[in-house]
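Notes follow the structure.
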Amino acid sequence: MFSTPKPFVGHIDLIQRNAIRSWQRLHHQVEIILVGDDAGAAEVCQEFGIRHIKHVEKNRYGTKYLASIYDQVHETARHEILCHVNCDIVLMSDFVAAARSVISQTDRFLMAGRRWDVDLQQALDLAKPDWETSLRQLARKTNRPRPAQWIDYFLFSKGLYHKKVPEFVIGRPGWDNWLLWYPLSIKVPVVDASQDVLAVHQNHDYSYHPAGAEGVWHGEEAQQNYQLHQGKFATLAYATHVLRYGRLQRNHQAWLGPVKRNAAARLSGIWFGLLNATRSVRHKLGVRSRGVRR
């Protein structure tokens with residue numbers, strides 16, 4: 001398991017500790033690696049007895065390059081199966097069961113899945129035997145599963161991405177969609193494990209970026225990431241297989257993913273073309289288009 005944490009400060013400190021402790025319980029031989037020199041990372045690695053890769057290549061803003069993370073982990077990790085997971089994601093025993101199922105049925109793959117958003121303001125009590133049951137109930141009660149383009153964990157066979165990742169930066173959009181596209185482009189099975197794995201994302205703000213959420217999603221770094229994945233984009237809807245009750249099944253609707261995306265792009269182009277063509281008339285009539293709310 002490897003991840004790039006944010007500074008261990010305030011609420012982020014709490015949720016990252018929750019995530020790391022949940023990973024430690026997955027298997028007694030799990031190796032956990034944190035990458036980066038963010039505040040508190042070295043101390044947390046020492047406290048939890050986990051590995052730390054301090055030095056990583058960064059851009060001029062100090063944001064980490066994804067390729068540097070992946071290549072260093074590839075070269076230092078002791079296991080043949082790697083999992084990149086965002087440092088706010090709690091994983092439970094169903095993740096281990098899903099991983100075992102996929103590994104037993106194919107030797108080269110990518111397994112990924114959707115997340116469920118939950119508000120957590122306290123440390124998880126992992127000593128309680130029913131902590132998983134309670135967290136699952138909270139996630140289902142909150143009922144906020146994210147759509148197919150939101151992916152927060154990537155389990156894959158070692159070597160899949162070695163020396164292949166473009167100059168994406170972590171913590172900005174787009175790189176996760178490329179990580180799904182690449183194995184599809186070389187005919188490696190991509191497995192959507194969303195139905196078998198309930199991955200809990202602990203909600204947080206975007207105060208770690210000077211411009212907040214707007215900077216994360218629409219700033220210069222985000223735009224550079226978007227440019228890198230143009231034409232090289234996939235979501236879980238494109239997956240070649242789905243995992244249901246531990247069995248790999250062909251995703252017979254995978255062809256719909258690109259079709260829907262292309263149709264949406266065409267409709268968007270038509271809509272904005274109409275807006276541009278009718279702008280002068282609408283302004284004379286006092287009619288204006290409404291901005292998209294997020």
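Below, the figures for the structure above:
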quantity: Those residues of region 240-254 which are free of Cβ contacts under 8 Å to residues at least 60 places away in the same chain and small (Gly, Ala, Ser), in sequence order; calculated: 254
quantity: Positions within region 66-122 being basic (Lys, Arg) and touching a helix residue (DSSP H, G or I) at 6+ places or on another chain (Cβ under 8 Å), in sequence order; calculated: 114
quantity: Within region 1-36, tally of residues that are without any contact (Cβ under 8 Å) to a residue 60 or more places away in the chain and farther than 22 Å from residue 93 by Cβ; calculated: 7
quantity: Region 136-149 residues that are at negative phi, paired with ones that are surrounded by 14 or more Cβ atoms within 10 Å (Cβ to Cβ) and in a helix (DSSP H, G or I) (beta carbon under 6 Å, 6 or more apart); calculated: 148/236; 148/237
quantity: Boolean, residue 287 is modelled with pLDDT under 90 and of a type in the set (Val, Ile, Thr); calculated: yes
quantity: Leading residue by the ranking (farthest from residue 184 (Cα to Cα)) among those in region 231-255 that are in a loop (DSSP other than H, G, I, E, B) and polar (S, T, N, Q); calculated: 253
quantity: Any helices (runs of 4 or more DSSP H) falling wholly within region 28-105 and containing at least 2 residues that are surrounded by 21 or more Cβ atoms within 10 Å (Cβ to Cβ); calculated: 66-76, 93-105
quantity: Region 162-171, residues that are under 14 Å from the mean Cα position of the chain (by Cα), among the aliphatic types (A, V, I, L, M) and open to solvent by 10 Å² or more (accessible area, probe 1.4 Å); calculated: 170
quantity: Region 64-87 residues that are over 18 Å from residue 28 (Cα atoms) and touching a residue at least 40 places away in the same chain (Cβ under 8 Å), paired with ones that are assigned to a helix (DSSP H, G or I) and of a type in the set (Gly, Ala, Ser) (beta carbon under 7 Å, 6 or more apart); calculated: 87/19
quantity: Extreme residue, most open to solvent (accessible area, probe 1.4 Å), among residues of region 141-161 that are in a strand (DSSP E or B) and in contact with a Lys or Arg (Cβ under 9 Å, 6 or more places away or on another chain); calculated: 145
quantity: Pick from region 13-27, criterion hydrophobic (A, V, I, L, M, F, W, C) and open to solvent by 20 Å² or more (accessible area, probe 1.4 Å), ranking: farthest from residue 81 (Cα to Cα); calculated: 14
quantity: Top-ranked residue in region 176-230 [being loosely packed, with under 15 Cβ neighbours inside 10 Å, of a type in the set (A, V, I, L, M, F, W, C) and assigned to a loop (DSSP other than H, G, I, E, B); ranked as modelled with the highest pLDDT]; calculated: 186
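Each row is one residue, and each column tells you yes or no for (1) over 24 Å from residue 77 (Cβ atoms); (2) buried (at least 20 other Cβ atoms within 10 Å of the Cβ); (3) not acidic (Asp, Glu).
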{"site": "108", "(1), (2), (3)": "no, no, yes"}
{"site": "111", "(1), (2), (3)": "no, yes, yes"}
{"site": "130", "(1), (2), (3)": "yes, no, no"}
{"site": "173", "(1), (2), (3)": "yes, no, yes"}
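The values are calculated or read from the model by the stated rules, or taken from the named source; none is laboratory data. Only a predicted model underlies this, so the values are computations on that prediction, with no experimental measurement involved. Cβ coordinates were reconstructed from backbone atoms using ideal geometry, including for glycine residues, and neighbour counts include every protein chain displayed. Just so you know, the surface numbers come from the protein's heavy atoms only, side chains and all, with ligands and any DNA or RNA stripped out. Shrake-Rupley method; radii C 1.70, N 1.55, O 1.52, S 1.80 Å.
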